[in-house]
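Peer 1: First, the structure itself, so that you have it in front of you.
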Amino acid sequence: MMTGNRLITIARKEFFDHIRSRKFLLIFGILLIVAVVGLIGGVTEYNKEIKSYNEHQSMVNSPLSSYMPEKPSILSVFSSVATYLIFVGGILGIAMGFDLVSKEKESKSLKILLSHPVYRDEVINGKALGGIAALAGALAVVLVIAFATLLIYGIVPDSSELILIAVFGGVSFLLIFSYFAIALFMSTVMDESGSALIYTIIIFIVLSVLVPTLANDTVMEYIIGSQPELPQELIDQMQRSANSTEENTFSFSSKVNTGAWDAYNERVQAYWEKRQAMGDTFALFSPTMNYEAITMAITSGRSRPMQVISIGNGVATSFAVASVDDVAVGDIFGNIAPNLIALILFPAVFFGLAYVRFMRLDVR
Amino acid sequence: MIQLEHLTKEYNGVRAVNDLTADIPDGEIFGLLGPNGAGKSTTILMLVGLIEPTAGNCRVNGLDVARDPVNVKQQIGYMPEDVGFYATMSAEENLRYFGRLYGMDFPAIAKRSSELLSLVGLDGVTKDVGGYSKGMRQRLGLAKALLNDPAVIILDEPTANLDPQGVADYRRIIRDVAREGKTVVVSSHILEEVSKVSTSVGILSAGKLVAQGSWKDLAREISLTSTSHVTIIIETKDPMPEFRHPDIISIDYERDRCGAVVLARSDIRDEIAFHLAENNICLRGLSREGLSLEETFLSYYHIAG
């Protein structure tokens, strides 16, 4: 028998096992419900933004109009879907993978299966392929429903938006597949499905809660220290400027030492760039954070959220860490490339580990 | 057909199978016997290609199991001791899946499955395997082992969960299969079971093959070398007079003294015959009782120990 045929035989069985299993149907049902709820919420919000945008449009020639807002993106509809997918999708991936091998060890069917003329890589690849097909099918259904919802509300995406919706579907698949691959690996390591599930959930919590926590403000400050203090000289100058009632605020810059201010600004800039780089590095180890970064870029056109930074002494300002301006669709891929690569590498690494472990498994 | 050459398997430095060499010819029903932990299942797992030997190799029809596992498995039908199937599938669905892995087409699988399920008494059972008793799983395991019409059938503790009817069916099936020229390896610790179906046996002790041959050959060999007690049966026409000998441990006479069972430290049949002739007693029978299966097995086991 051809290798491909055996692989397909195993993959087909695994696929049907998944889509017939109660746990898959239950979580998939929940996924559909939250996706539809998220979509309806997203569409309502999008319609409000469109209405506001149209009002601004009608005032474009008015002398009262001081700025022209960006046209809201259809992709913003998917932002709340992404929020739900992080957890429900992660759980779906774990539920589909945690007992793929361990259940067969427990029921002793693995011994029977491997006594047949199949190579071990065909078995593990077939299991992964069956799981991938079921996951892809589940996400395809979600995307079709999402698309149908958009059409029902009279929202018709253009070609570039369709591409981004497809990318959204692809990265959502990668997120779920990441947790599926982790669960599959734990399933090959553990002899019991219960243990595999518990360890996978621990990894899920570490990657989706602990790593983002490590990348947050408090921990970052602990690791790389606080933001540089505003020099006393500048504080004094600013206070003098604030106290002088006869001067208007526009003359602030003439009252402070611009050389010292520029030097301080550079130090702050360097500090936040370092902090951002470290945060981004942490994020690369978390499929959840990579997914958040990518979906944020897709749904809002921004590479990362604008940060408002307090610089102390009652003086507050907003500070652009990196580009927070809306990014052209073509540039989005450039901005999300590291996250996208990390999101592809993550399941690949865990699937590789599962593969190696399965190939060396002693079946007793 | 099956050759095991210096087969060795170590787990964490402990040898489960130690330099095992054996030859099992075509058409043989070979019983692999041994107490728990002797290395029977480990030997079988290496033979089926489920675990890799630490040293040595197994060959089936000249093919090395480690180097050519897929082609070897194509010729093997295997039933493990703890038979596991896919619980949410019926017997037929399980056989269909495994048949596909053997490369059989659907009509061939359907025909063969139907025949085999009927043979093992599971025809008409449509429920999922999850609802099967252990005995039913074992029957299905036997059907699965025969699915691809293999040249070699390897069965690990095949009657462990079978009822008497199931055991009788199993024996009949195994004998029929052997008559077709197939080689059958049966691993068991149930001596009686192995003795009833096997044409030759191998006795494993502490991972080593301590004896191989037919039961008769092994028993004869033990009786010749054994230093243990001997049981002699005497039958005479007339009542026997008293007989004394330093090697006698005990004599149990029948009530009419025309028969006795002698337990002695050595084979003293010549001395008994001479004594009876001296006393003009007509001797009707003088035999040494053969070793039981258990005595033979335990003798080898103790020799190895």
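The values are calculated or read from the model by the stated rules, or taken from the named source; none is laboratory data. What you are looking at is a predicted structure, and each value in this text was computed from that prediction instead of being measured. No Cβ is skipped: glycine too gets one built from the backbone with ideal geometry, and neighbour counts run over all protein chains shown. Heads up: the accessible areas ignore ligands, DNA and RNA and are worked out on the full protein's heavy atoms, side chains in. Shrake-Rupley method; radii C 1.70, N 1.55, O 1.52, S 1.80 Å.
Peer 1: If you scan segment B:158-205, which residues turn out to be in contact (Cβ under 8 Å) with a residue 12 or more places away in the chain, of a type outside the set (Gly, Ala, Ser) and assigned to a loop (DSSP other than H, G, I, E, B)?
Peer 2: Scanning segment B:158-205 gives B:PRO158, B:THR159, B:ASN161, B:LEU162, B:ASP163, B:LYS182, B:HIS189, B:ILE190, B:THR199.
Peer 1: Can you name the number of the only condition in (1) under 30 Å from B:VAL70 (Cβ atoms); (2) touching a strand residue (DSSP E or B) at 6+ places or on another chain (Cβ under 8 Å); (3) of a type in the set (A, V, I, L, M) that B:ILE248 fails?
Peer 2: Condition not satisfied by B:ILE248: (1).
Peer 1: Restrict the check to segment B:164-175 and report whether at least one residue is of a type in the set (A, V, I, L, M, F, W, C) and under 28 Å from B:LEU20 (Cα atoms).
Peer 2: If we filter segment B:164-175 for residues that are of a type in the set (A, V, I, L, M, F, W, C), which is where we start, we get B:167-168, B:173-174.
Next cut, under 28 Å from B:LEU20 (Cα atoms) only: B:174.
The answer is yes, given that some residue of segment B:164-175 is of a type in the set (A, V, I, L, M, F, W, C) and under 28 Å from B:LEU20 (Cα atoms).
Peer 1: OK, next. Report those helices (runs of 4 or more DSSP H) wholly inside segment A:157-268 carrying at least 3 residues which are open to solvent by less than 40 Å² (accessible area, probe 1.4 Å) and at pLDDT 80 or above.
Peer 2: Here the list reads A:159-189, A:193-205.
Peer 1: Would you list the helices (runs of 4 or more DSSP H) that sit entirely within segment A:63-134 and hold 2 or more residues that are in contact (Cβ under 8 Å) with a residue 40 or more places away in the chain and within 14 Å of chain B (Cβ to nearest Cβ)? Walk me through it before giving the result.
Peer 2: Working: elements: A:79-97, A:102-107, A:109-114.
Output list reads A:102-107, A:109-114.
Peer 1: Would you confirm, using the coordinates I've provided, whether B:ILE109 is within 11 Å of chain A (Cβ to nearest Cβ), open to solvent by less than 30 Å² (accessible area, probe 1.4 Å), under 28 Å from B:VAL129 (Cβ atoms) and in contact (Cβ under 8 Å) with a residue 12 or more places away in the chain? Give the steps one after another, and end with the answer.
Peer 2: Numbers: within 11 Å of chain A (Cβ to nearest Cβ): no; open to solvent by less than 30 Å² (accessible area, probe 1.4 Å): yes; under 28 Å from B:VAL129 (Cβ atoms): yes; in contact (Cβ under 8 Å) with a residue 12 or more places away in the chain: yes.
Spelling it out, it is not the case that B:ILE109 is within 11 Å of chain A (Cβ to nearest Cβ), open to solvent by less than 30 Å² (accessible area, probe 1.4 Å), under 28 Å from B:VAL129 (Cβ atoms) and in contact (Cβ under 8 Å) with a residue 12 or more places away in the chain.
Peer 1: Just one of the numbered conditions (1) assigned to a strand (DSSP E or B); (2) modelled with pLDDT of 65 or more is not true of A:ALA297; which one?
Peer 2: The number of the failed condition is (1).
Peer 1: Does B:VAL72 satisfy being more than 22 Å from A:LYS105 (Cβ to Cβ), within 13 Å of chain A (Cβ to nearest Cβ) and open to solvent by less than 10 Å² (accessible area, probe 1.4 Å)?
Peer 2: yes
Peer 1: When residues of segment A:1-35 are filtered for being surrounded by fewer than 17 Cβ atoms within 10 Å (Cβ to Cβ) and away from every other protein chain (no Cβ under 11 Å), how many remain?
Peer 2: 9
Peer 1: Now for a separate question. Could you tell me whether any residue of segment B:154-169 is under 26 Å from B:TRP215 (Cβ atoms), at pLDDT 95 or above and touching a Lys or Arg at 6+ places or on another chain (Cβ under 9 Å)?
Peer 2: no
Peer 1: Confirm whether A:ALA138 is open to solvent by 10 Å² or more (accessible area, probe 1.4 Å), in a helix (DSSP H, G or I) and closer than 30 Å to A:SER73 by Cβ. Give the derivation first.
Peer 2: Details: open to solvent by 10 Å² or more (accessible area, probe 1.4 Å): no; in a helix (DSSP H, G or I): yes; closer than 30 Å to A:SER73 by Cβ: yes.
In short, no.
Peer 1: Moving to a separate point now. Taking B:GLY34, is it under 21 Å from B:LYS144 (Cα atoms) and in contact with a helix residue (DSSP H, G or I) (Cβ under 9 Å, 6 or more places away or on another chain)?
Peer 2: Details: under 21 Å from B:LYS144 (Cα atoms): no; in contact with a helix residue (DSSP H, G or I) (Cβ under 9 Å, 6 or more places away or on another chain): yes.
Against the criterion (under 21 Å from B:LYS144 (Cα atoms) and in contact with a helix residue (DSSP H, G or I) (Cβ under 9 Å, 6 or more places away or on another chain)), B:GLY34 does not qualify.
Peer 1: Among the residues of segment B:19-60 satisfying the criterion of being within 14 Å of chain A (Cβ to nearest Cβ) and open to solvent by 50 Å² or more (accessible area, probe 1.4 Å), which is modelled with the highest pLDDT?
Peer 2: Ranking the candidates gives B:THR54 first.
Yes/no matrix, rows are residues, columns are (1) among the hydroxyl-bearing types (Ser, Thr, Tyr); (2) closer than 29 Å to B:ALA87 by Cβ; (3) outside any helix (DSSP H, G or I); (4) within 28 Å of the chain's Cα centre (by Cα):
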position: A:LYS13; (1), (2), (3), (4): no, yes, no, no
position: A:HIS18; (1), (2), (3), (4): no, yes, no, yes
position: A:ILE27; (1), (2), (3), (4): no, yes, no, yes
position: A:ILE33; (1), (2), (3), (4): no, no, no, yes
position: A:ILE40; (1), (2), (3), (4): no, no, no, yes
position: A:LYS51; (1), (2), (3), (4): no, no, no, no
position: A:GLU55; (1), (2), (3), (4): no, no, no, no
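Peer 1: Scan segment A:327-363 for residues that are open to solvent by 20 Å² or more (accessible area, probe 1.4 Å) and either modelled with pLDDT of 80 or more or hydroxyl-bearing (Ser, Thr, Tyr) (or both) and report the count.
Peer 2: Step one: of segment A:327-363, the residues open to solvent by 20 Å² or more (accessible area, probe 1.4 Å) are A:327-331, A:333-335, A:337-341, A:344-346, A:348-353, A:355-357, A:359-360, A:362.
Filter again for either modelled with pLDDT of 80 or more or hydroxyl-bearing (Ser, Thr, Tyr) (or both), leaving A:337-341, A:344-346, A:348-353, A:355-357, A:359-360, A:362.
Of the residues in segment A:327-363, 20 are open to solvent by 20 Å² or more (accessible area, probe 1.4 Å) and either modelled with pLDDT of 80 or more or hydroxyl-bearing (Ser, Thr, Tyr) (or both).
Peer 1: Now a separate question. Return the total of residues in segment A:300-309 being assigned to a loop (DSSP other than H, G, I, E, B) and modelled with pLDDT of 50 or more. Even if it seems obvious, please write down each step before you answer.
Peer 2: First pass over segment A:300-309, keeping only residues assigned to a loop (DSSP other than H, G, I, E, B): A:301-306.
Checking which are modelled with pLDDT of 50 or more leaves us with A:301-302.
Qualifying residue count, segment A:300-309: 2.
Peer 1: Next up: Taking segment B:75-105, which residues are facing another protein chain (nearest Cβ under 7 Å), out of contact with any helix residue (DSSP H, G or I) (no Cβ under 6 Å at 6 or more places or on another chain) and surrounded by fewer than 19 Cβ atoms within 10 Å (Cβ to Cβ)?
Peer 2: Result: B:ASP82, B:GLY103.
Peer 1: Identify all residues within segment B:1-10 that are under 15 Å from B:THR42 (Cβ atoms) and open to solvent by 40 Å² or more (accessible area, probe 1.4 Å); write none if there are none.
Peer 2: Let us first name the residues in segment B:1-10 that are under 15 Å from B:THR42 (Cβ atoms), namely B:4, B:6-10.
Correct list: B:HIS6, B:GLU10.
Peer 1: Another question about this same structure. If B:ILE190 satisfies all but one of (1) modelled with pLDDT of 80 or more; (2) open to solvent by 20 Å² or more (accessible area, probe 1.4 Å), what's the number of the condition it fails?
Peer 2: (1)
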